[in-house]
Every structure is written in C-alpha cells, then in structure tokens.
Amino acid sequence: MYSKAKLGTATAVAAIMASGAFADTITIATVNNGDMIRMQGLTDDFTAKTGHDVEWVTLDENTLRTRVTQDIATKGGQFDIMTIGMYETPIWAANGWLVSLDGLPPEYDADDILPAMANGLSHDGTLYAAPFYGESSMIMYRTDLMEKAGLEMPDAPSWDFIREAALAMTDKENEIYGICLRGKAGWGENMAFLTAMSNAFGARFVDEDWRPQYDSEAWSNTLNFYIDLMTEAGPPGASSNGFNENLSLFQQGKCGMWIDATVAASFVTNPNDSSVADKVGFALAPNAGMGKNSNWLWAWALAIPAGTQNEDAAMAFIEWSTSKDYLALVAENEGWANVPPGTRASLYETPEYQEVPFAKMTLESILTADPNNPTVDPVPYVGVQFAAIPEWAGLAGQIGQEFSAALAGQQTAEEALEKAQAIASEELEAAGY
C-alpha cells in the first residue's frame, strides 16, 4: 500500500529537483504537541528530498491561535505555513486568506483523507488545509486502578459511572487523582472540553434563533457536575491544566482517568515516556443517557496563508508531511503506534496499524462525532466543541476564563454561567445574529 505511494511521491520530488526550482527557507508556526515535535525531528528527510529548509516557531495552543490569527488578519506575512484547525479553515478560506490545496498532485491521493477530516478542512468543496493528525476525544484509564476499585469500564460509559469510578480510584495522600480534565482557560482548552461535555447533558450554545443558552438547566447541570467531580477527584491546581499538563500527570501515574484527545493514546502507551504504559485502557467519551457522547472532532492541519512568497516550497512541505509516505517514515523510525492518527482511510486498512490497541477506538470516536448534529436539540451552527462562526473564538475565550475561575473556587458555577450568558448575548447581538 505504502510502496506505491512512495514511488509516486518520489516521482513528484524528482520533478521538483529536475525543474531547477530555487531552494527556499519556509517558516512554519506549529503547536507544541508531541506529533508536531516528532515531525520537526524528521524534517531532514524533507530537506534532503527537496532542498528546502524549514524554520519552526513552536507555541502552546492558546499562543499559537493568537499569533496566527493576528498575522493572517493583518497580512503580517510571518509564516509560510500555519498550523490551524477545523474552526479556522472554512472561515479563513471564505475570507480569501488561504491558498487552495488543489495544487497537490494526484499521487498525494487526497481522496484517501477521511471524509470527516476533509469536510471540516474545506470550503465550497475545496480543501484548504491538510490534516497532519485527526482526533476525537475518548477516555484513557488505568486498568490496574479500575480493577483495584472493583469496577469494569464499559465500552460506552455514562458520566455517572465516571464519577463513581473517579471517586473509587482517588487516593490524594499518594497523589493519585481519579480524573484529570482540562481546566485551563481558552476556547480550544477548557471550552473545547466543556462544550463537548455539555452536548451529552442536553445543553446548547444557542437555540435555533441564536439566543444564548448558558442560563439553561442543562448548562447548570453540566458545569456543576464538572466542578463537583474535579473538586472531589481531580488534581490540585486543575484550573491551570490543559492538554500537555494532564498528559504529564497521566504519564507520571497520577491520573486514574483522563478524557481528552485520542491523539494522546500513543503518548500514554509509550514506555519511553509513560510510567503506566502497560496499564492503559480506552473507552468512548461518556454520555448522560440522552443519545450524545462527549466526544469532539478536530484536526491539527497545515495551511498556506495567501500572499506567502514561498508558496511552491510550502506546498511541497504539506505534500511531504501529510502523505502516506510520511506515515510510513514515522512507522519506520518510531513504530506504528506513533504514526499520526485520524487522517487517512488507508492507515486503518494497514494490518500493522490494526494491531495498535487504540486504533479501533480512535476511529470509532472520530466517526461518531457529528458536527452537523452535535446536540440533543437542534442548533443553527456547525461544530461539536465549537460553533463555526467568527465570533466564537472571542466570546468562548472570555467564557472560558469565567469557567476556569469557577473551577478554581473564585466564583460559583451559577455566577460563571450568568456572566457567560451576558458575554454571549452581547457579542452575538453586536454581530447581528
């Protein structure tokens, strides 16, 4: 499967070299997640094949989103490639801010990209960002602690079971916390988690007439359940913990359960990094008995900002880094468990990858997330853990601060929700919804 793709990519690269194209240096803004760090370590392969050099600007999620948004909106021109996601891509493409990826050659096999990923990274049927990895969210849990608690994790657990298990696994004197969840403020941090969680509890961001719903009983149930659970069974300082902080806690053996991005599975099961690598199980994100799970849908993807002076080199890098060949390169150097997941259908047809313990659950989580019907009751927006409107990043960033403050005990859940309702109402009214 991968040998044919390798031949095709080699042919494309040979054509680049034969054309006498100039060797350029491209600047890439990316997130400090493990798969992106791994990509940086393999970039010499790209340079050897194309002659192009790469400079990296590696940032945490919140800082990355701020930097790339400011740069593209002001046409700053700092970056030739930006790491963005399903939220930004269709909005920025509609504004004319991104280069279409129609220029990728046939050998790239864009049709192999999972439809869930391709659809979320397209505008008017045209792909504007290529997924480096795709993800949903799921439960990662300590099998030994679950057994010690006398419990068995269902494949599709309820939030009530998660609370029962978290309390049973918690041993604060020995720094073992039953559950670790995002608390760090940010529209892509705690708001991603809480919005996906609220879907399972029957909550909505807005109703069908764009009236904010943070004053609803469903949102009160969501936020109070989350805060009570984290107070009783979560780690100290949880309001400062995002993806990377909780990953570190889990790898140190301090979390009984962690509900977060499916992409984390390779890191918690890697014996070089995780002290509990051989004691990890997986399950679907929880439900609340209303027909929706708390799993999201996301891709970290590579896009080319319009106006770059190095479009050809940037396109060559995207072809290299999101190709079947790149997956084979990672497998050769790091093993199949460490291949970037969730992007190509052919990966899940590869016998070696089918043996990876979390592959099936990752794919099932991705396929069951429905951005067009994310909630129990109908909504006028697209998106599972976000609403695909330009105003979301700003208003959700503010609301995330209020929810994080409530988790820290600086205000009640009701006070945070009252402020969230006011923020959303003001922002949406000003925008004309």
Q. Zone of residue 152 (label point 7 Å along Cα→Cβ, backbone N under 19 Å): which residues in region 276-292?
A. 280-284
Q: Kindly rank 30-37, 330-337 from highest to lowest mean number of other beta carbons found within 10 Å of each residue.
A: 30-37, 330-337
Q: Of the listed pairs 148/172; 292/419; 49/75; 254/279; 184/292; 49/324, which have alpha-carbon separations greater than 19 Å here?
A: 292/419; 49/75; 184/292
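Can you give me the Kirkwood hydrodynamic radius for region 329-386, using every pair of distinct Cα atoms, in Å to one decimal?
13.2 Å
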Q. Taking the Cα-to-Cβ direction at residue 231 and at residue 56 and moving 7 Å from each Cα, how far apart do the two end points lie in nm?
A. 4.2 nm
Q: Starting from the Cα of residue 160, step 7 Å toward the Cβ, then list every residue of region 217-237 with an amide N under 17 Å from that point.
A: 221-222, 225-226, 229
Q.
I want to check the label-to-label distance for residue 173 and residue 40. Put each point 7 Å from Cα in the C-beta direction and report it in nm to one decimal.
A. 4.3 nm
Q. Between residue 260 and residues 5 or more places away or on another chain, which pairs have amide H atoms under 5 Å apart, with H built 1.01 Å from N, and which residues are they?
A. 138, 140
(Q) Please give the Cα centre distance for region 316-364 versus region 268-310, rounded to the nearest Å. (A) 14 Å
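Could you give the length gained by full extension between residue 388 and residue 345, i.e. 0.36 nm per residue of separation minus their alpha carbon distance, to one decimal place? Don't skip to the end; give the middle numbers.
Details: separation 43, 0.36 × 43 = 15.48 nm, distance 2.52 nm.
Length difference between fully extended and current span is 13.0 nm.
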Q.
Give me the percent of accessible area attributable to carbon and sulfur for the chain, probe 1.4 angstrom.
A. 47 percent
Q: Mind giving me the nanometre distance, one decimal, between the label points for residue 71 and residue 368, set 7 Å out from Cα along Cα→Cβ?
A: 3.8 nm
**Q.** Stokes-Einstein D in µm²/s, Kirkwood radius over Cα pairs - the chain at 20 °C with 1.002 mPa s viscosity
**A.** 97 µm²/s
Q: Determine the distance separating the Cα centre of region 161-229 from the Cα centre of region 75-130; give it in Å without decimals.
A: 31 Å
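The values are calculated or read from the model by the stated rules, or taken from the named source; none is laboratory data. Keep in mind the model is a prediction, meaning the values are calculated, not measured. Cβ coordinates were reconstructed from backbone atoms using ideal geometry, including for glycine residues, and neighbour counts include every protein chain displayed. What goes into the accessible areas is simple: the full protein's heavy atoms, side chains included, and nothing from ligands, DNA or RNA. Shrake-Rupley method; radii C 1.70, N 1.55, O 1.52, S 1.80 Å.
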